């Protein structure tokens, strides 16, 4: 795989669809009580421990929720168009472009990371390396809250909302993510599955992992 071309395709695709994505999903969490509950518990764990990153933030809906829980919050996304929208929607939160596979962040910088569905574009062979990168930037006792779609398939999406795109959308088995997370050095504290909220989100079964640096 040409990983740099892969990333360029992702950036171009998300830049094209960022506005529509924000319109559809920015307020989605209002109808997802499980997500609110686990984010509240995450917030209680990381409050006061330093900056907390919404990684793969899109328009910043998770960053917004965490900021409203009195956290020092920032957001990072690969797509410049998504970052510009996030800044407009959340002028009191810092947002910047960045690559979760190679973060321009010093070691031991953050108290927590919330990565909501942002690993869906990480190639399977790069999962452990990516989680090692997240481990690197977290402080000791830092918390990773990770969510993903359960399955084993990879979907290639070439058109979305009347735009020509090039997305690889990876579903993952719980066991393969657990292995990659623990291989990166994290200790998994929780692994919870739930059914989708029908009519609210894409109807796939979801998994949530809470992991900590020992």
Within region 35-48, is even one residue touching a strand residue (DSSP E or B) at 6+ places or on another chain (Cβ under 9 Å), surrounded by 15 or more Cβ atoms within 10 Å (Cβ to Cβ) and outside any helix (DSSP H, G or I)? yes
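From the list 54, 15, 108, which one is outside any helix (DSSP H, G or I) and either surrounded by fewer than 20 Cβ atoms within 10 Å (Cβ to Cβ) or at pLDDT below 95 (or both)? Walk me through how you get there before you give the answer.
On the way: 54 fails: either surrounded by fewer than 20 Cβ atoms within 10 Å (Cβ to Cβ) or at pLDDT below 95 (or both); 15 fails: outside any helix (DSSP H, G or I).
The conditions single out 108.
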Just wondering, is there one or more residues in region 118-141 that are surrounded by 14 or more Cβ atoms within 10 Å (Cβ to Cβ), in a loop (DSSP other than H, G, I, E, B) and in contact with a strand residue (DSSP E or B) (Cβ under 8 Å, 6 or more places away or on another chain)? yes
Restricting attention to region 66-80, and to residues there that are within 16 Å of the chain's Cα centre (by Cα) and assigned to a loop (DSSP other than H, G, I, E, B), which single residue is farthest from residue 55 (Cα to Cα)? 79
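Within region 172-207, how many residues are within 21 Å of residue 113 (Cβ to Cβ) and either outside any loop (DSSP other than H, G, I, E, B) or out of contact with any helix residue (DSSP H, G or I) (no Cβ under 6 Å at 6 or more places or on another chain) (or both)? Let's see the steps before the verdict.
At the first step, the residues of region 172-207 found to be within 21 Å of residue 113 (Cβ to Cβ) are 172, 174, 176-194, 206-207.
Remaining after also requiring either outside any loop (DSSP other than H, G, I, E, B) or out of contact with any helix residue (DSSP H, G or I) (no Cβ under 6 Å at 6 or more places or on another chain) (or both): 172, 174, 176-183, 186-194, 206-207.
Residues that pass the stated criteria total 21.
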How many of the residues in region 147-171 are touching a strand residue (DSSP E or B) at 6+ places or on another chain (Cβ under 6 Å) and assigned to a loop (DSSP other than H, G, I, E, B)? 1
Within the bounds of region 65-77, is there any residue that is crowded, with 19+ Cβ neighbours inside 10 Å, closer than 19 Å to residue 210 by Cβ and out of contact with any strand residue (DSSP E or B) (no Cβ under 6 Å at 6 or more places or on another chain)? yes
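The values are calculated or read from the model by the stated rules, or taken from the named source; none is laboratory data. Note that this is a predicted model, so its numbers are computed, not measured. Positions of Cβ are backbone-derived with ideal geometry, glycine not excepted, and every protein chain shown enters the neighbour counts.
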